[in-house]
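*Asks:* Below you will find the structure I want to go over with you.
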Amino acid sequence: MKERPILFNSEMVRAVLEGRKTQTRRVIKPQPFNRTTCYGVDCTEWLSKNGKVIISSLNHTFRDFEKAFPETVLGCNWNGNRYGKAGDELWVREGHSFHPLGGDPGSPTYGKPGSGIGVYYKVEDKNGIAGMNCNDFDWCDLKTKRTNWRPSIHMPRWASRIQLRVKDVRVERVQDITNEDALDEGVKCECIGSMQHPTGDYEDILEEPKVAFERLWDSINSSPNPIKSGGVIARYESYPWAAGNHLVEHRGLPWSIYGNLWVFVVEFERIV
C-alpha cells in the first residue's frame, strides 16, 4: 500500500466531508495528441469502464502497460499514474492556516507536529477566522483582519485531516461521465424551473447532474494555466469540457486549449 497527496478546493473538501463526493477526475498529462500509434499501439482507442484499458485488438490491464513501459503510458510519453491503485491511500491537501497555541513563531519547530501549532481549515469559515483574534495567526492581513490562507499545495502531511482509500482507477474521456458518476463527484444541481402538479403543489425541476459537473469542471480547468520553462512562463494551457483543440494568445504568449481530454477517474472512500 502506498500513500500519496491529493489536492481539493474548498467546495470539494466540503463535498467529501458531507459524504457526497466519492470520485474525482484528473487530467492525464501529457495526452497522446496527434498520434496514431506509439510503440505500435493505437493510442486513439483507450477504453476503460471495467478497470481495463483496451487498445486496438489487445486487451491488457492498466498495470500490464505500466509495467511494460515504466516511463510511459501505452508508450505515449506519460509521466505515470499519481493516484495509485485499489487499496492505496490519499491524504487530502486543502486551504489552511496555522494558529500558535502557545508555540513560538521564531522556533525552528514552528509549524511542525508537537510544536503547539493548531490548524484552521479554510472550508470551515468563508469570511476569515470566526471568533478568534486575527493577530494570533501566522497568515493574517493586519489591515483587513482577515486570514491570509495558505494554499492547499503547501499543506504538510501532519496537518491533513482527511484520508481516502482508493477503490478503483480507470481512464476515460471527461465527457464520458454519466449522471450517476456526476453525483458521485459531489455536484449540486441548480433549479432550472418548476412544475405544478394536479394537486396544485409545485416541484422544482433540477438540471441534469452531468450539466452541473460540466460547470464545475470548467470552473476549475478552463482558465489559462501558466507553463514554465527555465523558471519563466513560456505558454499557457487549459482543459475545458468542450471538445476540440485551439491555439490562441494570452498575455502575448501561446495559449493551448485542449477540450474533452483523457482523465483518470479515481473512485475512493473516506477512512478518516
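*Asks:* Where residues in the range 227-257 are within 17 Å of the chain's Cα centre (by Cα) and over 20 Å from Asp184 (Cβ atoms), which of them is surrounded by the most Cβ atoms within 10 Å (Cβ to Cβ)? First the steps, then the outcome.
*Replies:* Applying the first criterion (within 17 Å of the chain's Cα centre (by Cα)) to the range 227-257 yields 237-241.
Next, only the ones that are over 20 Å from Asp184 (Cβ atoms) stay: 237-240.
Numbers: Glu237: 17, Ser238: 18, Tyr239: 22, Pro240: 19.
Ranking the candidates gives Tyr239 first.
*Asks:* For the range 218-257, give me the residue count where each residue is in a strand (DSSP E or B) and in contact with an Asp or Glu (Cβ under 7 Å, 6 or more places away or on another chain).
*Replies:* Here the count works out to 4.
*Asks:* Something else now. Anything in the range 156-176 that is surrounded by 15 or more Cβ atoms within 10 Å (Cβ to Cβ), over 15 Å from the mean Cα position of the chain (by Cα) and part of a loop (DSSP other than H, G, I, E, B)? List them, or say none.
*Replies:* Once the filter is applied, which keeps residues that are surrounded by 15 or more Cβ atoms within 10 Å (Cβ to Cβ), over 15 Å from the mean Cα position of the chain (by Cα) and part of a loop (DSSP other than H, G, I, E, B), the range 156-176 yields Pro156, Ser160.
*Asks:* Go through the range 258-272 and report how many residues are assigned to a strand (DSSP E or B) and surrounded by fewer than 14 Cβ atoms within 10 Å (Cβ to Cβ). Lay out the reasoning, then the answer.
*Replies:* At the first step, the residues of the range 258-272 found to be assigned to a strand (DSSP E or B) are 258-259, 262-270.
Cutting the leftovers down to surrounded by fewer than 14 Cβ atoms within 10 Å (Cβ to Cβ) gives us 269.
Number satisfying all stated conditions: 1.
*Asks:* Okay, next question. Among the residues of the range 5-21, are any in the same structural domain as Val265 (by TED's automatic domain parsing) and either at pLDDT below 50 or loosely packed, with under 12 Cβ neighbours inside 10 Å (or both)?
*Replies:* Within the range 5-21 (the criterion being in the same structural domain as Val265 (by TED's automatic domain parsing) and either at pLDDT below 50 or loosely packed, with under 12 Cβ neighbours inside 10 Å (or both)), the answer is yes, since at least one residue qualifies.
The values are calculated or read from the model by the stated rules, or taken from the named source; none is laboratory data. All of these numbers come straight from a predicted model, not from anything done at the bench. Reconstructed Cβ throughout: ideal geometry from the backbone, glycine too, with neighbour counts over all protein chains shown.
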